[in-house]
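Heads up: the structure comes next, in structure tokens.
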Amino acid sequence: MIEPIQSEAGIRVPPADYLRAAQCIVQKVRHAFVLDEVRTRATPNRPFWQRIIGGLNPRHVVLAKALSGGLVPAAAVLMSDDIYERFIASLGRSIIHT
């Protein structure tokens, strides 16, 4: 899990090839490449989304504050189809709280 744009100690945008290299390393050891985009504003016209379209293929993307502008608690997890199918298949064995 990686935060694509580090924001806790100031806005730090990684070099253009950093996330792609991180994804390659993670995929070589057969782990999920997960982007944590909770803090920064991930809107469709932002560089974050352009990086995903530009060749990154995360298994999960975690979104939160950008969904409501930080005004109300809102979050979402975007996931690849294979992860979604496994998640749905496991619901019968899960405790779900809504």
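Here are the numbers:
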| item | result |
| --- | --- |
| One residue from R20, R30, R59 being basic (K, R), modelled with pLDDT of 75 or more and under 11 Å from the mean Cα position of the chain (by Cα) | R59 |
| Yes/no for A76 being modelled with pLDDT of 80 or more and touching a strand residue (DSSP E or B) at 6+ places or on another chain (Cβ under 6 Å) | yes |
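The values are calculated or read from the model by the stated rules, or taken from the named source; none is laboratory data. Just so it is clear, the structure is predicted and the values come from calculations on it, not from any experiment. Heads up, the Cβs are rebuilt from the backbone with ideal geometry, glycines too, and the neighbour counts pull from every protein chain shown.
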